[in-house]
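The values are calculated or read from the model by the stated rules, or taken from the named source; none is laboratory data. Worth saying up front: this structure is predicted, and the values here are computed from it rather than measured. Counting neighbours? That spans all protein chains shown, and the Cβs are built from the backbone with ideal geometry, glycine included. We work out accessible area using only protein heavy atoms, side chains counted, and drop any ligands, DNA or RNA first. Shrake-Rupley method; radii C 1.70, N 1.55, O 1.52, S 1.80 Å.
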Amino acid sequence: MARPTKILSAALLATALLAASCGGGDDTDGTASGNGDSNLPTCPVDAFKKASGRTEVVMWEGSYVGRNNAALHAIADAYNLSQNKVTVRVEKQGATYDELRRNYEQAMNGKNLPAIVAGEDTWTQFMVDSGTALPASQCIKVDKDPRAKMADLLPSVAAAYTVDGVQWPGSFAVSTPVLYYNRTAFANAGLDPDKPPATLAEVKAAAEKLKAAKLGTSGPLVMKMDPWFIEHAVTGVGETVVNNDNGRDGKRATATTFDNPAVKETFAFLADMKKAGLLNAVSNSKLIDHYLAVATQGSDMLFETSAAITLIAGVVAGNLDLKKELGDTVDVNIPAGFKVPFEVGVGVYPGLKAPGKGQIGGSAWYITTTGSDAVQSAAWDFLKYFNQVDNQVKWTREGSYLPVRDKAQQELEADPSWAGSLIGRWITTAYNGMKTLNADFPGPLIGPYDVFREDVAQAMESVTLQGTDPAAALKTAGSSITAALKKYNDTNF
Amino acid sequence: MSSVSFDHVTKRFGDTTAVDDLTLEVADREFMVLLGPSGCGKTTALRMIAGLESVTEGELRIGERRVNDVDARDRDISMVFQSYALYPHMTVRKNIESPLVATRHARPAAAERAARVREAADVLDLAPYLDRKPGELSGGQRQRVALARAIVRRPQVFLMDEPLSNLDAKLRTQTRLELVELWRRLEATFIYVTHDQVEAMTMASRIAVIADGRLQQVGPPQAVYDRPANLFVAGFIGSPPMNMIAGEVDRSPLAGPLRVRTAIGNIPLPTPPTTNLHSVVAGIRPEHLRLGGSDLSVEVLNVEQLGHERHVICRAGDARWVVRQAAHEPAPAVGERVGLGVDGASLHLFDPTSTERIA
Amino acid sequence: MATDAPRRGAAIGWYVLLSALSLIVLFPVWMTIARALSDGSATLFARTPSVLPYSPIQWDAFSRAFTEGGLGRPLLVSGLVTLIIVAAQTATAVGAAYAFAFLEFPFKRIVMVLCAATLLLPIEVTLIANIQTLQEVGLVSPSQGFGEAIGALTLPFLAQAFGIFLIRQGFLGIPKDLRDAAQLDGYSDLGFLRRVAVPVTRPVIGSFVLIAFLSAYNQYVWPRFSVKTNRWDTVQLALRRFGLDNPDQLNLGFAAAIIAALPVLVLLLVFQKQLIRGLTAGAVK
Amino acid sequence: MGKRRNVRQWALAYALLLPSLVVFAVFAYLPLYRLVHFSLYQQSSRLGGGERYVGFGAVWDVLSGERFLQGTWITIKFLIFTVPAGIALGVLLAMAAHRRLKGIKIFQTIFSSTVASSVAVSSVVFLTLVNEQIGLLRNVSWLSLKSPNSALFAAALSSVWQNLGLTFVIVLAALQTVPEELLEAAHLDGYGAVRRFFRVVVPLISPALFFLAIVLVVYGFQAYAQIELITGGGPLRSTETLLYRITKLQKNTDLQVGASMSLGLFGLTFLVALVQFRLLERRVTYGN
């Protein structure tokens, strides 16, 4: 008798549970979150101080791995030890930004959002529209704490995340694309290893030389078909990818502007490189294959994020001398005696016309509005802590994200053991590239940025992997993106 | 009291009537055999006693108790199945013990259960096999386990559904004897279903012959054999079966003694039949025919030697007849025409329309 | 054709063919072992991939998959989830199968059809709606705890139609006489189920248990979306994680794949007959 | 017997069925209802924004849209790659291993061994062969993950390998039911080995082959891990099967599309089941 009864009660429990949940259904608690300034939520600064006990702040991220993940956790731990009112718990909520975003949007249904989310640079418009974000500028405005102000915040960073005068995220993990290249191969091909190509045209020229020297046999340049590179090139020359001034003139974007010369030129670059056998194109769905192409010397040049600097330096550290130089900042397991058979260099991302430029990449940290006042204010308190120069230095040193405060970069440069190290030199190269960004022309604001990226990636892949004519590929992507923009604007009711 | 009585019992499955208005008294401590061809309803009748089938109409009593609505397990009966229905996953001991443990509220103490299992096993010589599983036993042993399981609960009534049909011929003969001994020893009522008339004849106190769901005749084996109540019983009981032929009673005084005229000759009647029917079916058992007589004339089709006797198969008009002949007598040749002598006293007469016995 | 006992020369020919086929079937396994035995970086930097492990051969990938890869935890999660699913599926299937096989009750046909029709609604079809539902009740969320994760991983699989009908078929194979005998012996319905029907159908139930184990343990899609934090990753999900965080430690991922397959391999070797009977249920009468 | 007993039996039956029925109601029928609902209502992207009725037209738009049709086509291609090859290889292995030889059990165990591998495991295993960078066969063009024309084939190959054990086991079991006398009779009748195979063996094991085909089709519809782990859906979405695509549509604003596509997938599986039913029916009639 006992057994069936147990089964029965378990089943009843399950039904009851689900019935309770499905009964409700209508979401009537209309959170007031308008578009205009007047409707912005207010920042309950210091509310956590009045709460009894510790306030828990859950932070979600989906992009920090290895060293930078450890650095984030270390800073959070240090913060938790430094005071007794707030506990920050960092949770990995996906292996990719897409997954994090999926989890975040799904959590919107259950209203179990974290206090802080480390969203991708592309999320800005979505975060503004979702009604889930508390703009950092609302806090900065009312917080009397001097730590709240960051006068030395890089203008390009602030501009990228400011919409209609409101700065939304409070902290950042900024990265920029750079050029990784095989110095040894450069030397062998008669190229100057100290003078990496500075424009796409120079990349092509270098690739031709490498090919002539029978190097980089899979294609001297390896690229993941990530639209990020296109956006950098296009933004770098001051051109848009969507209308309404890249979605920043107060109205949301409604269509693409792919017929401008910068977009065409960038795609032409891809097509030419591919046709000439100079490009090793890796599908955007791949995670590490482009790195591997460099490791196996199938390719000698790689466009990738500066956030990969520690990873690459780590792999390269198989070279004993380099390992010494890098000290304990590298966490890889390479057998004794193994030598990476070449040297790696880092150069500023080659633009269409000049090196650098482009737009701000990486991730940005948003405070969410669904938590209690105590939770929101505690989250803000943690961001303030994180933004302090010493933590920013740590974040760069160990996490390899670029400094967003001048003071942090100055402090780093003042330390010879950093400045002379491989990572330090590479980070500085990347930082210098980022300094060239035009704060008056930040990248696009696109609601369905994920769809935009996916469709552009498809266009890139069909040009490079399938040999489609760039114009046709762009046309397909353009119409799909325009439909997505319309749908996005329609569903933001 | 452990008599079993059917009182106008009918069982229907949908449109088909399996048992039709059965009225039958099985006396206490009687060995009653329900005999009939397969599908005649005898098994259904048995299953109604067991409580495995419900009664559609009429009343079924065990002892004085009306059991129409009594659960099978509460009827104080045991049943042995044709397939033995042993639990393949249990040892012999567990199988025998099963009826004692199945009902929680009526479960005897462990010591008593063990004693009763031991006793039942002893009765059936199963002691050496108690820890084996049915799969490791021979057919005969399995059959005995089924019997042991039946007797262990000491019921008033034992039901047996063709329990010997899965045994080979030799074992069957032996087990028949054992069953009768068991019946005497247990002093219980046995109700036994079979289609094998030899089993019925050898074991029964009384036989109930059933065909098409209807009771044909009840009586002690010899009585049923000697005076079959109708054509069906006459044809069903006896091996080889009774020889039959259609004929007419010749009552004309001119024709001499009273006789039955048939296509193959005349059979003398010692006494006039009780009815004044003209057309009859005459039946005569193979042992009551004599080769070399002059009443009837038939053609020998085959001669079957059985060792102690001989069966002579003959063509008798449209029918095939069998004549029993002692082994020492001279055998006829195949194809030979022979005369048959009939002892009029052993002649059976039936009404061809109603099939009932008339003399 | 197949079954004649061949002459000596022919036999050798068959052995050669069978061995060649075995090599082909096992080759991917060999490659995985070879890569597990090679240092991850050696695999990465190899200019032309080799069929052999790269020297120096390293044997510790299997232990490091636990120490560095943290494979122990997903194994435990998988073990627990599989255990719950198999136990529950067996229990619910036995119960339902008994009702369908032996009991008469109103709407029996309709209920049977409704159960069978769920075979048309595999978890892949209902995935996004089910995830949505479990999100709303809080079982699926990025902050899901142990209980919630286990609940999300198991609840949809506590009952399953295939098992019900497989076991029902087994029950229907029980001779009617045996049922009658049990009824006369005095077994109640549940007593008959427990003492007779289940033990007698043990081979079928055993096969089902193995099949249920296989499908529960090998699941990928549902855990992939019902587990929102890698704290509760199952073994299959954990495979996905290897090699992504540390591209130079690919060998751990390959070692983990081998380890993940071991429990099922052991079952296959120990219960080959029952497993095959389960797998072929429905294919061969 | 009697009424009371009947009522008791009903109660027992439903008590035994209840756990299963609850699970089916909550995790099979409720979601079916919810899929219909989600497909008819567009969810807002805004917190607490609710939903808006969009109707059957929106469902039709999805089901006639390029994304769904493309996903369906890729799924069908996956089936074309996996089902016939799976059956053929299963038959090959089973024919080879169905004979009286010393030690044949060892070979049979080897052939059935891939039953032990899950889709995830077999996908990781196949990375050693087909990965663009470290795969042994990375330069084999018809297996290349770099090309939209061959990537799906590479993913399918891992499925074929993973299913080998199952296909082998099923075909072998079927072969073992073929009576030897029948083959001997065919031999005596003068049929050669090939004709014996096609005229006698194949018809006799065709129910098993058919069953196998259905199983492989169902597995094909459920393909996910091999896509995620081997190709990641790329290149150029060339390996995004329907299911893979659906799983990417779980965000609030995507639910309408995701649910509509799920219903489409349901329709496809339904179609397969229908075919299965019809053929089974016919087989039963012929059989009797």
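Checking the stated criteria, A:G36 turns out to be modelled with pLDDT under 90, more than 30 Å from D:L30 (Cβ to Cβ) and not polar (S, T, N, Q). What do you reckon, is C:A257 open to solvent by less than 30 Å² (accessible area, probe 1.4 Å) and at pLDDT 85 or above? Yes: the conditions hold for C:A257. Evaluate the following for D:Q222: is it open to solvent by 20 Å² or more (accessible area, probe 1.4 Å), over 30 Å from D:T177 (Cα atoms) and assigned by TED's automatic domain parsing to the domain that holds D:E181? Answer is yes for this residue.
A:D77 - would you say it is at pLDDT 90 or above and of a type outside the set (G, A, S)? The answer is yes for A:D77.
Here is a check on your reading of the model: is A:P341 open to solvent by 20 Å² or more (accessible area, probe 1.4 Å), at pLDDT below 75 and away from chain D (no Cβ under 14 Å)?
When the stated conditions are applied, A:P341 does not pass them.
Note on region A:121-139: residues that are assigned to a helix (DSSP H, G or I) and out of contact with any Leu (no Cβ under 8 Å at 6 or more places or on another chain) amount to 9.
Residue count for region D:153-179 satisfying the condition of being in a loop (DSSP other than H, G, I, E, B) and open to solvent by 20 Å² or more (accessible area, probe 1.4 Å): 2. The set of residues in region B:264-301 that are part of a loop (DSSP other than H, G, I, E, B) and at pLDDT below 85 comprises B:L269, B:P270, B:T271, B:P272, B:P273, B:T274, B:T275, B:N276, B:L277, B:H278. Scanning region D:124-133 for residues that are of a type in the set (A, V, I, L, M, F, W, C) and more than 7 Å from chain C (Cβ to nearest Cβ) yields a count of 2.
Within region B:141-149, the presence of at least one residue that is small (G, A, S), at pLDDT 90 or above and touching a strand residue (DSSP E or B) at 6+ places or on another chain (Cβ under 9 Å) is confirmed. Residues that are more than 27 Å from A:L113 (Cα to Cα), surrounded by fewer than 20 Cβ atoms within 10 Å (Cβ to Cβ), facing another protein chain (nearest Cβ under 7 Å) and of a type outside the set (A, V, I, L, M, F, W, C) within region C:93-144 comprise C:E104, C:P106, C:P122, listed in sequence order. Would region A:287-299 turn up any residue that is aromatic (F, W, Y) and open to solvent by 20 Å² or more (accessible area, probe 1.4 Å)? Yes, the conditions are met somewhere in region A:287-299. Of the strands (runs of 3 or more DSSP E) lying entirely inside region B:1-109, those containing at least 3 residues that are of a type in the set (A, V, I, L, M) and in contact with a helix residue (DSSP H, G or I) (Cβ under 8 Å, 6 or more places away or on another chain) span B:16-26, B:31-35, B:77-80.
Residues are listed down the side, and each one gets a yes or a no for (1) in the same structural domain as D:A155 (by TED's automatic domain parsing); (2) in contact (Cβ under 8 Å) with a residue 40 or more places away in the chain:
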residue: D:Y14; (1), (2): no, no
residue: D:P19; (1), (2): no, no
residue: D:P31; (1), (2): no, no
residue: D:S44; (1), (2): no, yes
residue: D:V83; (1), (2): yes, yes
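Restricting D:S45, D:S64 to those that are open to solvent by 30 Å² or more (accessible area, probe 1.4 Å) and hydroxyl-bearing (S, T, Y) reduces the list to D:S64. Annotation: of all residues in region B:56-79 being of a type in the set (V, I, T) and crowded, with 18+ Cβ neighbours inside 10 Å, the one that is farthest from B:H8 (Cα to Cα) is B:I77.
Determine if region A:168-181 includes at least one residue that is outside any loop (DSSP other than H, G, I, E, B), at pLDDT below 95 and in contact with a Lys or Arg (Cβ under 6 Å, 6 or more places away or on another chain). No, that holds for no residue. Filtering region C:32-56 to residues that are under 13 Å from C:A255 (Cβ atoms), hydrophobic (A, V, I, L, M, F, W, C) and either open to solvent by 60 Å² or more (accessible area, probe 1.4 Å) or at the interface with another protein chain (Cβ under 10 Å from one of its Cβ atoms) (or both) leaves C:I33, C:A34, C:A36.
Each residue in region D:179-196 was checked for being at the interface with chain C (Cβ under 8 Å from one of its Cβ atoms) and either within 27 Å of the chain's Cα centre (by Cα) or among the basic types (K, R) (or both), and 1 pass.
With B:D15, B:D28, B:D21 as the choices, which residue is assigned by TED's automatic domain parsing to the domain that holds B:E181 and closer than 16 Å to B:F158 by Cα?
B:D28
Hey, could you check region C:260-272 for residues that are part of a helix (DSSP H, G or I) and either touching a Ser or Thr at 6+ places or on another chain (Cβ under 9 Å) or of a type in the set (G, A, S) (or both) and say which is most open to solvent (accessible area, probe 1.4 Å)? Per the criteria, the residue is C:L269. Answer yes if at least one residue in region A:126-138 is at the interface with chain D (Cβ under 10 Å from one of its Cβ atoms), open to solvent by 20 Å² or more (accessible area, probe 1.4 Å) and within 18 Å of the chain's Cα centre (by Cα), and no otherwise. Checked region A:126-138: no residue is at the interface with chain D (Cβ under 10 Å from one of its Cβ atoms), open to solvent by 20 Å² or more (accessible area, probe 1.4 Å) and within 18 Å of the chain's Cα centre (by Cα).
Would it be correct to say that B:R73 is under 30 Å from B:K11 (Cα atoms), under 28 Å from the mean Cα position of the chain (by Cα) and modelled with pLDDT of 90 or more?
no
Let's see how each residue does on (1) more than 18 Å from the chain's Cα centre (by Cα); (2) among the charged types (D, E, K, R); (3) in a loop (DSSP other than H, G, I, E, B):
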{"site": "A:T396", "(1), (2), (3)": "no, no, no"}
{"site": "A:S417", "(1), (2), (3)": "yes, no, no"}
{"site": "A:R425", "(1), (2), (3)": "yes, yes, no"}
{"site": "A:G433", "(1), (2), (3)": "no, no, no"}
{"site": "A:M460", "(1), (2), (3)": "yes, no, no"}
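Residues are listed down the side, and each one gets a yes or a no for (1) open to solvent by less than 10 Å² (accessible area, probe 1.4 Å); (2) assigned by TED's automatic domain parsing to the domain that holds A:N68; (3) touching a Gly at 6+ places or on another chain (Cβ under 8 Å):
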{"position": "A:R425", "(1), (2), (3)": "no, no, no"}
{"position": "A:A430", "(1), (2), (3)": "yes, no, no"}
{"position": "A:G433", "(1), (2), (3)": "yes, no, yes"}
{"position": "A:V456", "(1), (2), (3)": "yes, no, no"}
{"position": "A:E461", "(1), (2), (3)": "yes, no, yes"}
{"position": "A:A473", "(1), (2), (3)": "yes, no, no"}
{"position": "A:K487", "(1), (2), (3)": "no, no, no"}
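The residues of region D:60-110 that are charged (D, E, K, R) and closer than 30 Å to C:Y15 by Cα, listed by number, are D:R99, D:R100, D:K102, D:K105.
Let's see how each residue does on (1) open to solvent by less than 20 Å² (accessible area, probe 1.4 Å); (2) within 8 Å of chain C (Cβ to nearest Cβ):
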{"site": "D:I106", "(1), (2)": "no, no"}
{"site": "D:A116", "(1), (2)": "yes, yes"}
{"site": "D:V119", "(1), (2)": "no, yes"}
{"site": "D:S122", "(1), (2)": "yes, yes"}
{"site": "D:L145", "(1), (2)": "yes, no"}
{"site": "D:A151", "(1), (2)": "yes, no"}
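Whether any residue in region A:163-182 is more than 28 Å from A:D226 (Cα to Cα), open to solvent by less than 10 Å² (accessible area, probe 1.4 Å), under 20 Å from the mean Cα position of the chain (by Cα) and more than 14 Å from chain D (Cβ to nearest Cβ) is what I want to check. So far as region A:163-182 goes, no, none of its residues is more than 28 Å from A:D226 (Cα to Cα), open to solvent by less than 10 Å² (accessible area, probe 1.4 Å), under 20 Å from the mean Cα position of the chain (by Cα) and more than 14 Å from chain D (Cβ to nearest Cβ).
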